[in-house]
């Protein structure tokens, strides 16, 4: 290495060492200033202390208690029932047909039109031919009456001639037959007039009973003959719930028996009476048609709606009853969550109780706890969760919302009794 190269290397090393020392000094100064600022910041110091604090010393936190709705378990008389699904059908349905021949000249109803029996016009058929036929018959009657008057006078004259032996008796009888024939013709024509009057009257078709038009088969301008369907109409005011009752239950029903019927679309329960139990049904399904007569609730019930009737299966007996919503039914069994409340806390602790469902009604189940601990928790007056139980865990704290005061009072009474 030459002398100049040696000097250049020494100079480069000196400059690099100097730059390194200056960078370290500047970096140390920046770190010192930053650390000083953080040590003077109370929020930073609190966060650092919390990060190194032991887990057991950390304050309790986490999400707020889950919110649930509750009801009360009650021990009361409970009658086992079986639910049979059916549908609402009309009590009366008729196809109104034409009784005359002619053209439809008026039809002011449509599907869904309400009709009043004997008043609402369904259709009017042109009656011009009936009116013309009536006029023709009336003219024939008038002609026959004129002829009858003449023949009656002739008969009187023939009777005098017969008394004088001027004509034979057979001639008198022939004249009498002529008069009788005219009288018969007049009576026949008068009957024909009544027929045309009736035909004219029946050209105006009105509703046979109070109901609703559900189908139209003709329109204005159409030609109909005797028997042509005009409209279909169903009665209003009453409906039947038609059920196909299994053979094991049908003998529990009697005509006149009152039953509760749940109307599924309206989510309402109505009462009805059994009006018929047909002793013949499909052999394949071994069910029998049963009709329950219901009031149509001012038209709110409609034919075709689904309905569920509750059929009593035995005598009422004392059982522990909970709301249907309180029972969680899963493949591994049924569970009722009991909320254990206390006066000192606004929250409650929930515990699951495995149960056996003994009987069912539409909105209530009779249950029996399967374990000894469950029988201590699920008692008369116990508070049970009816909404929000799907994600609960044993011992979890919950908040109770929309707890009815009367229910709370009853629950407190139940705890005091225990």
Query - Extended-chain gain in nm, criterion 0.36 nm per residue less alpha-carbon gap, residue 328 and residue 225 - result: 30.7 nm
Report task. Beta carbons within 10 angstrom, averaged per residue: use that to sort the peptides 213-224, 85-96, highest first. Result -> 85-96, 213-224
Requested in this report: Starting from the Cα of residue 271, step 7 Å along the direction of its Cβ; do the same at residue 393; then give the gap between the two resulting points in nm.
Outcome: 5.0 nm
Report summary line: If the label point sits 7 Å along Cα→Cβ of residue 244, residues of segment 264-291 with amide N under 15 Å come out as 278, 280-291
Report task. Can you put 365, 280 in order of Cβ neighbours within 10 angstrom, beginning with the fewest? Result -> 280, 365
Query - Length released on extending from residue 177 to residue 190, taking residue separation times 0.36 nm less the Cα-Cα span - result: 2.7 nm
**Report entry** Where labels lie 7 Å past Cα in the beta-carbon direction, separation of residue 94 and residue 198 in nm
**Finding:** 1.7 nm
Requested in this report: Calculate the length of the line joining the C-alpha centroid of segment 180-204 to that of segment 77-126, in whole Å.
Outcome: 33 Å
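Readers should treat all values here as calculations from the given coordinates under stated rules, not as data from a laboratory. Keep in mind that this is a model prediction, so the values were computed, not measured. Because the Cβ atoms are built from the backbone with ideal geometry, glycine has one as well, and the counts that use them run over all protein chains shown.
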